[in-house]
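One structure is given here, and the rest of the page talks about it.
Rule-based calculations on the coordinates, nothing more; no lab input. The structure displayed is predicted, hence computed values, not measured ones. No Cβ is skipped: glycine too gets one built from the backbone with ideal geometry, and neighbour counts run over all protein chains shown.
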Amino acid sequence: MKKTTYFAAAILALAGSAAFAQTGNVGIGTSTPGSKLSVNGNVAVGQNFSNSAVPANGAAIEGQLSVGTTTPVGIVEIVADNKGAAAGNDHYFKGFGSSKAPGMFMMSANGTYAAPTPMADNEIIGGVYFSPYLTNGFHATNSSILGIYKGDGTTQESALAFYTTGVQERMRINQDGNVTIGVVEPLEAFSSVAKLSTQTSSSVGHYIKSSSADLNGLLLLEKESAPVNVDNFIIFRAQGANLGHISSNGGTGVVYNTTSDIRLKENIRNTKFGIDDVMKIQVSDYNYKTNKTSQQTGFIAQQLYTVFPSVVTKGGADVSQPWTVDYSKLTPFLTKAIQDQQAEIEALKRENASLKSGVAGLSDELNALKASVEQLIGNSVAEKSAAK
């Protein structure tokens, strides 16, 4: 048997097409194969590729390619089955010298390989999928990153969409470089030009925490050029309508604005509150338990609630959800109290003026009466002198 094998190998070697080494290795294009199968040249695999010219030292495979499995599902499948960390479960793309900075390209087109046609808007270019094994098998779309074409077939516009838990899109970087979190196109009117747009069904939208002992701007909003009085740094909205904003005053200060448009109000009438209600407020000196050295002056939320409940937000049973006071909401009540007080002052002024006028009249009458008395006394004296 060995003689027959060596004879066949010798014939193939002489033909220059293949060689069988004594080690059992097979060589094609080489007489000294170092592996079970060594090919010096190119390889074409597949019925339609068998007569095709493949690039030098390259390989062309018409069907599926698998590593570590004989039953691939996709075009290319690589399986590491309990190889251990030392065996390397990772996949590396290495480049050296003029081949450094290797890349992985996912390219898509309509049509065929021989006659491709442009993609349409919102078609998926490609994606990276992360799939855990569940009781019913691998879940192909558990989380993923998709490239989405955003053009008309002539422009190079695309977006990246990030999915978690199946087909739930969580974040997108759109074709303009703007980032949306929890917002699926189409975006709200002004958000389409925002660099970061977020939307959530949670009661807490954003949470920022610092471990610094000395904060110097946990949230910093800065305009590069000089401020003007139309600069809105923060805008508050609900159902597409503005509720208020924090803006620049055009100088070095900040203005806090809240909606107060008469077009939004009805049942307008004079308030029932006045100075008597303001006088019921207790103004207290105190310190917070967390800072015993800092003396404060202000209101106690629970007491203020008994007078003006609209300026107080009730807290929870636990002190971690404390009662709070919106001091700015006291302004209308204080204004009304000043108006009541000023009305009393004006009334007293008028009363005082009336009293002054009355006193002046009495003074004139008194002076006239005094003059009459003095005249009578004078006449009486004169009469007595004449009688003597």
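Points worth noting:
- Pairwise Cα distances in the chain exceed 31 Å in 72 percent of cases.
- Rounded to the nearest 20 debye, dipole of the chain from Cβ charges on Lys, Arg, Asp, Glu: 880 debye
- Pairs beyond 21 Å (Cα-Cα), from Lys280/Lys349; Lys150/Lys223; Lys265/Lys336; Lys36/Lys94: Lys280/Lys349; Lys150/Lys223; Lys36/Lys94
- Segment 183-318: proportion of alpha-carbon pairs further apart than 17 angstrom, %: 80 percent
- 0 to 90° range, to nearest 10: angle between helix 331-387 axis and the chain longest Cα axis: 10 degrees
- Among the trypsin sites (Lys or Arg not before Pro) within segment 224-281, those in coil by DSSP and having at most 14 neighbouring Cβ atoms inside 10 Å are Lys265, Arg269, Lys272, Lys280.
- Relative contact order %, the chain, counting alpha carbon pairs below 8 Å whose residues are six or more apart: 4 percent
- Separation in nanometres of the label points that stand 7 Å from Cα toward Cβ, at Ile338 and Gln295: 2.7 nm
- Rounded to the nearest 500, the helix-only mean residue ellipticity at 222 nm of the chain stands at -7000 deg cm²/dmol, with each DSSP H run of n ≥ 4 adding -39,500 (n - 2.57).
- Degrees between helix 2-15 axis and first principal axis of the chain (Cα, 0 to 90, nearest 10): 70 degrees
- Counting every C-alpha pair in segment 56-121, the share spaced more than 13 angstrom apart comes to 79%.
- Hz values of 3J(HN,Hα) by residue in segment 74-82 - Karplus curve (6.51, -1.76, 1.60), Gly and Pro given as x: x, 4, 10, 9, 10, 10, 10, 9, 6
- Contour excess over end-to-end distance, with Cα ends at Gln239 and Thr164 and 0.36 nm allotted per residue: 24.3 nm
- Report note on the peptides 143-151, 203-211, 174-182: ranked by the mean count of other C-beta atoms within 10 Å, highest first, their order is 143-151, 174-182, 203-211.
- Global size of segment 54-183 as Cα Rg and Dmax, reported in angstrom: 18.2, 50
- Within the chain, longest stretch clear of exposed GluC sites (Glu not before Pro) (DSSP loop, no more than 16 other Cβ within 10 Å): 267-388
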